[in-house]
Amino acid sequence: MIKAIFRHLIVSVLRWEAILVLRRYRPKIVAVTGSVGKTSAKDAIALTLRTIGVVRESPKSYNSEIGVPLTILGVPSAWHNPINWSKNILHGLRLILFRTSYPEWLVLEVGADRVGDIQSLGRWLKPDVAILTNLPAVPVHVEYFPSPEALFAEKASLLSSVKKGGTVIINEDDERVRTTVDKLISQKKLTGRKIIRIGWDKSSDIRVGSEHLSQNETNKPNGLVCKIDYEGHTIPLRLTQLYGSHQLYAILAGFAVGLVAGGPILPVTQALETYTPPPGRGRLIEGIKGTWILDDSYNASPAAMGAALETLKNFPGGGRRIAILGDMLELGTYTIDAHREIGKLVAKICELIITVGVRAKFIADGARESAFEPKKLLHFDNPTEAGKALDKLLTLGDIVLVKGSQAGRLERVVEEIMLHPEQKESLLARQETVWKNK
């Protein structure tokens with residue numbers, strides 16, 4: 001009870017400080033929401049905006065009612081430390097009372113855990129640009145909403161909070177995004193905002209014209225090569241740190257915001273070519289015994305799991321496809337069916353499947369239903385055990401996908417099988433002390 005009261009008080013104070021800071025400094029605000037791809041899009045957007053001005057983006061996934069104000073104030077979470085929370089509040093007061101340097105652009109990730117989260121935030125945030133990335137059929141956090149449609153409406157409410165004269169950027173390939181946005185248009189909630197559509201679809205304003213995964217002379221995967229088409233122009237891009245087609249949505253979002261902000265095309269594209277996904281979000285890491293690891297261990301949802309498996313399927317090389325898959329959380333009544341469907345999908349792609357966690361057992365059930373060979377289907381209760389077992393099973397050329405929700409801590413699997421574990425601090429997710437102690 002006391003903790004809840006303290007948290008409510010902290011959130012209220014930080015929110016009001018954030019509002020006053022925005023009024024004082026008037027930065028341009030880009031807000032990113034959706035059920036998949038928010039952090040990647042946010043990072044790509046920040047890259048392009050740095051070609052024209054000073055930028056601050058949400059650290060990691062600071063996308064909640066407390067994370068957004070913390071980003072605006074430029075302070076970290078104090079977790080359970082009252083003294084550090086007091087320091088954060090004092091820092092906010094100094095920003096309000098004494099004018100100092102402040103970013104010209106804020107790139108904010110915006111999430112929703114409960115009904116009303118984004119609507120409440122949008123009322124005072126009023127972004128200049130908002131991006132809606134993806135609305136999958138079974139979205140994460142759906143267990144806290146009466147239906148997926150209610151969650152879609154909550155996410156889309158960010159778009160109608162955009163300032164008049166601002167810009168809305170949407171994923172044109174996503175049918176639920178299109179339907180949701182068309183509804184807002186018919187309700188005249190997007191009147192006065194420019195709408196930019198991105199994707200592969202031919203109706204997109206900014207679209208991927210072509211893409212393929214390249215290799216170097218030693219057959220090492222060398223990232224995606226693609227072309228972006230817009231307004232009659234074709235822009236080639238070489239993205240050496242990206243390996244999945246789904247990752248190009250982040251690049252399209254960054255490109256679109258760069259254009260909206262007035263950035264010159266050459267610096268914008270050059271910035272995007274330096275893009276590296278955050279730890280645990282599709283990074284390629286060298287594994288032991290001449291193997292490769294697709295480290296997607298930061299988080300998971302059915303749509304993101306499916307996209308990662310598609311990347312594994314299309315990965316170059318003749319080695320075995322191996323998937324280490326953990327629980328997908330916050331799916332509510334969809335939990336069992338969603339995991340089983342992933343099991344059926346992975347059974348078509350992989351030669352070895354390892355599941356980790358209570359819910360992930362349903363992935364194994366789905367694989368069995370698809371007649372996957374039982375002796376090539378293993379289950380473990382914790383990630384360290386899974387990693388140690390896999391260490392003994394790997395052979396030259398294997399390609400390993402590691403993916404699961406945060407609580408599953410599957411970065412510990414990657415740590416067990418990566419060739420250079422001494423680099424884990426910079427390569428893996430959740431390497432901070434607060435996470436290591438959990």
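A Förster radius of 22 Å, combined with the Cβ-Cβ distance separating S86 from A4, puts the computed FRET efficiency at roughly 0.75. Working note: Karplus 6.51/-1.76/1.60 with θ = phi - 60° gives the range 352-366 the couplings 8, 10, 10, 10, 9, x, 5, 6, 5, 4, 6, 5, 4, 4, x Hz, where Gly and Pro are set to x.
More than 11 angstrom separation, counting every C-alpha pair in the range 93-133; what % is that? Value for the range 93-133: 75 percent of Cα pairs lie more than 11 Å apart. Since only I170, A130, P82 are under comparison, the one whose Cα sits farthest along the positive direction of the charge dipole of the range 80-175, derived from C-beta charges on Lys, Arg, Asp and Glu, is P82. Of G92, G254, G192, the residue with the greatest mean-square motion in the GNM of the chain, using alpha carbon springs below 10 Å, is G192. Scalar couplings 3J(HN,Hα) for the range 373-380, obtained by applying the Karplus form with A = 6.51, B = -1.76, C = 1.60 to θ = phi - 60°, are 4, x, 6, 9, 10, 10, 9, 9 Hz; x denotes Gly and Pro.
Using alpha-carbon positions, what is the distance between the centroids of the range 333-388 and the range 394-410, in Å? The distance from the Cα centre of the range 333-388 to that of the range 394-410 comes to 12 Å. Surface composition of the range 31-171: carbon and sulfur make up 56 percent of the accessible area, probe 1.4 Å. Near the amide H of G223, within less than 5 Å, lie the amide hydrogens of S214, all on another chain or at least 5 residues away, with H placed in the peptide plane. Between 0 and 90 degrees, the angle of helix 148-160 with respect to the longest Cα principal axis of the chain falls at about 40 degrees. Our compactness index for the range 316-422, the C-alpha radius of gyration over the empirical 2.2 N^0.38 Å, is 1.02. Considering only C-alpha atoms, what is the centroid distance from the range 175-244 to the range 1-57, in Å? Value for the Cα centre distance between the two parts: 25 Å. Note on K436 and E351: the model spin-label points, each 7 Å out from Cα along the C-beta direction, lie 3.6 nm apart. Only aspartates and glutamates eight or more places from K375 in sequence, or on another chain, were considered; those with a Cα closer than 12 Å are E351.
Rolling a 1.4 Å probe over the protein heavy atoms gives the range 316-428 an accessible area of 44 Å² per residue.
For the residue pairs K348/K436; K87/K424; K42/K164; K60/K126, the C-alpha atoms sit more than 25 angstrom apart in K348/K436; K87/K424. Kirkwood-type hydrodynamic radius, the range 78-172: 15.7 Å, calculated from all non-identical alpha-carbon pairs.
Ellipsoid semi-axes for the chain, based on the Cα gyration tensor and the rule √(5λ), read 35, 26, 22 Å when sorted largest first. Both radii are taken from the alpha-carbon atoms of the range 1-77; with Rh as the Kirkwood radius, Rg/Rh is 1.01.
The values are calculated or read from the model by the stated rules, or taken from the named source; none is laboratory data. The structure displayed is predicted, hence computed values, not measured ones. Positions of Cβ are generated from backbone atoms using ideal geometry, with glycine treated the same way; all protein chains shown enter the neighbour counts. These accessible areas exclude ligands, DNA and RNA; they are computed on the full protein's heavy atoms, side chains included. Shrake-Rupley method; radii C 1.70, N 1.55, O 1.52, S 1.80 Å.
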